[in-house]
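A quick write-up on the structure given underneath.
Any read-out appearing in this document is the output of simple, stated calculations on the displayed coordinates, not a laboratory observation. Since this is a predicted model, take the numbers as computed values, not measurements. Because the Cβ atoms are built from the backbone with ideal geometry, glycine has one as well, and the counts that use them run over all protein chains shown.
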Amino acid sequence: MTVTASEITGKDGINTCKALFEHHGHLVQEISSSADHGEDLLVVFTKGGNRTGDSVYVQVKSGPSYKRKTDYFIPTKGHIDFWRKSNAPVFGVVYDPDTKSLYWTNITGYVQAKDPPARIPVGPTSVLSDSTMSDFVDEAIEYIAKKGNLHKALSALVGVDAKLFDYGDYVSYFVNEFGEKMVFQQKVGNESAVLYHTDALIDSPVIFRKTDIKIDYSLFNPDRTYVVGNWILGTEEFGWLVASMKASNHLTRVKPR
């Protein structure tokens, strides 16, 4: 069995990144070195020797193949679906064997875009080192908190478990004139969306597709209404729903790779 130079460089990058995190007291688990799954390390952050409760995945790329004239990059091919669905944010790290340096980027932030790039740029000033580790951890924890707080706020709004929301979900909310609260959720790769609500007359969330929406032109109904499952929406509510569906439509077309 022959071990190639690129395999050695790849392992050097993973070991360098892992050693740096562990040197600063963070807990690191290597995912797998036998295949490219889109994440190489699971890092659990600590402060003062105690776990913070925050964790991230790290994808490590190593060698001159990921270096351009003015920066570095991480290819997205084959991994976008996992990165979007991941229940923890994914950060990318490029190891430059010439300088023995690590450079990082927030992969999750890039792949949430409608049309993520084929190559995620990694800036030459985004160095991951002993002197920048504290800033990196603070930024990662702040990013996790913002996402987590949004999910907690929306779940509290309609009385559901925050764990129902993933990092890759598109979510939006609406409060109608009667104070009834609604949250729209579109998961990556699902053709159906979910409407959570506080309408006392409806017991469960409404799971629906575009084809499930019906318009009521009844003579007994002076105002046009829209029916989604067993939920009747007014004009303003329906306008919000349509806007949410259009904004998240690209997620329904994402298929596992």
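Rounded to the nearest 5, what % of DSSP beta bridges with both residues in the chain are antiparallel? Within the chain, antiparallel bridges account for around 90 percent of the total.
Quick check on the range 57-142: of the DSSP beta bridges with both residues there, what percent are antiparallel, nearest 5%? Present the calculation step by step, with values, prior to reporting the outcome.
Values: 13 of 19 bridges.
DSSP beta bridges in the range 57-142 are roughly 70 percent antiparallel.
Compared with the direct C-alpha span, the chain from residue 138 to residue 3 gains 44.8 nm at full extension, assuming 0.36 nm per residue.
From its DSSP helices (H runs of at least four residues, each -39,500 (n - 2.57)), the chain gives a residue-normalised ellipticity at 222 nm of -9500 deg cm²/dmol. The trypsin sites (Lys or Arg not before Pro) found in the range 98-142 that occupy coil by DSSP, while having at most 13 further C-beta atoms within 10 Å, are 100, 114. Given an 8 Å cut-off on Cα distances and at least 6 residues of separation, report the relative contact order of the chain as a percent. Relative contact order comes out at 13 percent. For residue 67, a cut-off of 12 angstrom between C-alpha atoms picks up these aspartates and glutamates, skipping any fewer than 8 places away in its own chain: 96, 98. For residue 198, the residues 5 or more places off, or on other chains, whose built amide H falls under 5 Å of its own are 181. Under a Gaussian network description of the chain, with springs only between Cα atoms under 10 Å, the residue in 48, 63, 159 that fluctuates furthest is 48.
When 209, 253 are sorted by how many other C-beta atoms sit within 10 angstrom of their C-beta, beginning with the fewest, the order is 253, 209.
In the range 169-252, the ratio of gyration radius to Kirkwood radius, Rg to Rh, stands at 0.96 when only Cα atoms are counted.
How many angstrom lie between the Cα centre of the range 157-214 and the Cα centre of the range 117-151? Taking the Cα centre of the range 117-151 as reference, the centre of the range 157-214 is 30 Å away. For the cross-link pairs 18/146; 85/181; 77/100; 85/187; 61/100, the ones whose C-alpha atoms lie over 19 Å apart are 18/146; 85/181; 77/100.
Residue-wise HN-Hα couplings along the range 137-149, as the Karplus relation 6.51 cos²θ - 1.76 cosθ + 1.60 with θ = phi - 60° gives them from phi, are 4, 4, 5, 5, 5, 5, 4, 4, 5, 4, 5, x, 5 Hz; Gly and Pro carry x. Taking the C-alpha atoms only, the angle from helix 5-23 to the longest principal axis of the chain is near 80 degrees.
Can you work out the PRE-style zone for residue 77? Point 7 Å along Cα to Cβ, and I want the residues of the range 107-144 with backbone N under 12 Å. So the set is 118-119.
The HN-Hα couplings worked out from phi for the range 62-73 by the Karplus form 6.51 cos²θ - 1.76 cosθ + 1.60 (θ = phi - 60°) are 9, x, x, 5, 10, 10, 10, 4, 10, 7, 10, 7 Hz, whole numbers, x standing for Gly and Pro. Would you list, by chain and number, the aspartates and glutamates whose Cα falls below 18 Å from the Cα of residue 246, excluding same-chain residues fewer than 8 positions away? Leaving aside aspartates and glutamates fewer than 8 places away in the same chain, those within reach of residue 246 are 115, 169, 191, 212, 236, 237.
Please arrange 27, 233 by counting, for each residue, the other beta carbons lying within 10 Å of its beta carbon, fewest first.
On the way: 27 13, 233 20.
The fewest-first ordering by Cβ neighbours comes to 27, 233.
Exposure proxy ranking for 151, 197, 250, based on other Cβ atoms within 10 angstrom of each Cβ and starting from the fewest, stands as 250, 151, 197.
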